[in-house]
1. Leaving out ligands, DNA and RNA, what percent of the accessible area of the stretch 298-446 is carbon and sulfur, probe 1.4 Å?
2. Which FRET efficiency value, to the nearest 0.05, do you get for residue 146 and residue 53 by plugging their Cβ-Cβ distance into 1/(1 + (r/R0)^6) with R0 = 35 Å?
3. Taking 0.36 nm per intervening residue step and subtracting the Cα-Cα distance, what contour gain separates residue 163 from residue 453 on full extension?
4. Once Lys and Arg get +1 and Asp and Glu get -1 on their Cβ, which of 364, 327, 281 lies farthest toward the positive end of the dipole of the stretch 251-404?
5. Evaluate the charge dipole of the stretch 60-148 about its Cα centre and quote only its size in Debye, nearest 20, assuming +1 on the Cβ of each Lys and Arg and -1 on the Cβ of each Asp and Glu.
6. For the stretch 226-288, which GluC sites (Glu not before Pro) are both in a DSSP coil and crowded by at most 16 other Cβ atoms within 10 Å?
7. With everything on Cα atoms, drop me the angle between helix 12-24 and the longest principal axis of the chain, reported from 0 to 90° to the nearest 10.
8. What lysines does residue 59 reach when the alpha-carbon gap must be under 30 Å and sequence neighbours fewer than 8 apart in one chain are set aside?
Amino acid sequence: MAKRENPGGRTDAELLTSLQRTVENAGIGLYETSVSGVIVFANQALAELLGFDSVDALKESGLTIHDFYEDPEDIRRFRGKVEKYQNVDSFLIRIRRPDGTKIWVSEKGAANFNDDGNIIGYTGSLTDVTELKDTQDRLAQAEEDYRRMFENMPIGIYRSSLDGRQLRSNPALWKLNGFVSEEDHLTSVKDIAKEWYVEPTRREDFKRELEEKGILENFESEIFRHRTRERIWIEETAYLVRDQDGNPLFYEGTVQEITQRKRAETSTLEAKDNAERANRSKSRFLANMSHELRTPLNSIIGFSDMIRQETFGPLENERYKDYIATIANSADMLLKLIDDILEIAKMDAGKLSLSLELLDLQIVISQCLHLLEQRMHNAGLSISVSIPKNLPPIEADARRIHQIMVNLLSNSVKHTDPGGTIEIRVAGYAEFVDIAVRDTGSGIPEDEMELVFVPFERSRDAVRLAKEGTGLGLPLARELARQHGGDLMLESTVGVGTTATLRLPSNRQS
């Protein structure tokens, strides 16, 4: 008897073989089970999906299909759906392999019935969707993260159209504008350029910079709160979103209110301007008053010198000589004070200039010591000087360096008790020269170290002992040092002494 042929010229046996190959080579796991889950049929793909090398190994394990369900409740739900609908499509479950690994699968199944209409088993398939499920989970988590940040961010977040409509706004932004919801905000705003910015052209500036740069940072603008029309200041950061072809789609960015900062900046600028005006007025006043005071003082000094020299005849009473000497000394002190005030006024006005020349420090220090020689002798102090040989000249203003050194030495004489010592030590370095004046005087308390560089401030020790001085010497000396590109530093210990170090550039260029 001849073999029956089917369409296509293949026999039943050939068709059966082809079907078997299709089932075995299918990319998804195929199965048939009893009602209790005993595996009646499985293809190789199912065996591998469940963690076995072969179908025989799967069957020999004695495990039912239900043993692979991580959640037994999934078995009940699967059966319930099959009984109700006769089949199940895309039933997502997680299975656990014998080695403990877990994967997500999508199950499709249908019930097998006997002639009496009773379910005798199930036929279906399992497809590994672990990667897809992980991707979906990551996307869901990213969406949840974005939603949480969007809702809870304390600064405004927005999306706006190119023509100025509000497309999205988070709670921080719609609250900033006085609205009760995002929907209220979006439906109320028709044109951001006209309704939001105080300056009508500000939106055009915003758009132009974004089109040129693609991103905008720290864009400050004065705006109206949409609902209340209150004027406030904001700072925006934004970027232009484009499609794959580079065409502009919309703007996204952040908004933060900076009204308090702008007010503080304005107050600071106003205070700075007021302080500068006051300082200029003070400098003009000091300069004018100092000039006016110099004229009568010069007369007092000139006439007192004539009287001391008895130019027009002797003084009949010797006590007058003491009086006129006191008048002359007081006038000299007052003239020095006026000169110091004029110097401070010039520095405040930025009008202090230097006349630079090459100076030999050996000569400069000798001249300063000669001026104070008698005062040191009268105070019972000893002096020592140490200057390195072959020290190169420095470029500086001779009069100003004399002024600084005399001030430092005078302070040491003033605050050092009889029997004390004053040392001058010069040290040369590659980039600077240090001139240190060290004494064994009363010292300066640590909390007053910077105070002594404030004009008209005096140390408590100087006030307590009624030491002469105006509190201008050290501030003036430090500023003169800094005008030279150097500095003046102090080190002091109460009861031990003070070291004042004048630092000057060794290679100053004019």
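1. 54
2. Once the sixth-power term is evaluated, E becomes 0.20.
3. Values: separation 290, 0.36 × 290 = 104.40 nm, distance 6.09 nm.
Length difference between fully extended and current span is 98.3 nm.
4. Looking along the dipole axis, the top candidate is 281.
5. Details: 14 positive and 19 negative charges, 50 e Å.
Charge dipole, the stretch 60-148, about its Cα centre: 240 debye, nearest 20.
6. Values: sites: 230, 235, 236, 252, 257, 265, 270, 276; in loops: 230.
When the GluC sites (Glu not before Pro) of the stretch 226-288 are filtered for loop state and at most 16 Cβ neighbours within 10 Å, 230 remain.
7. Helix 12-24 sits at roughly 20 degrees to that axis.
8. Residue 59 reaches 81, 84, 102, 108, 133.
The values are calculated or read from the model by the stated rules, or taken from the named source; none is laboratory data. Given the structure is predicted, the values throughout are model-derived calculations rather than measurements. Ideal geometry is used to build each Cβ from the backbone, glycine not excepted, and the neighbour counts take in all protein chains shown. These area figures cover heavy atoms from the full protein model, side chains too; ligands, DNA and RNA do not enter into them. Shrake-Rupley method; radii C 1.70, N 1.55, O 1.52, S 1.80 Å.
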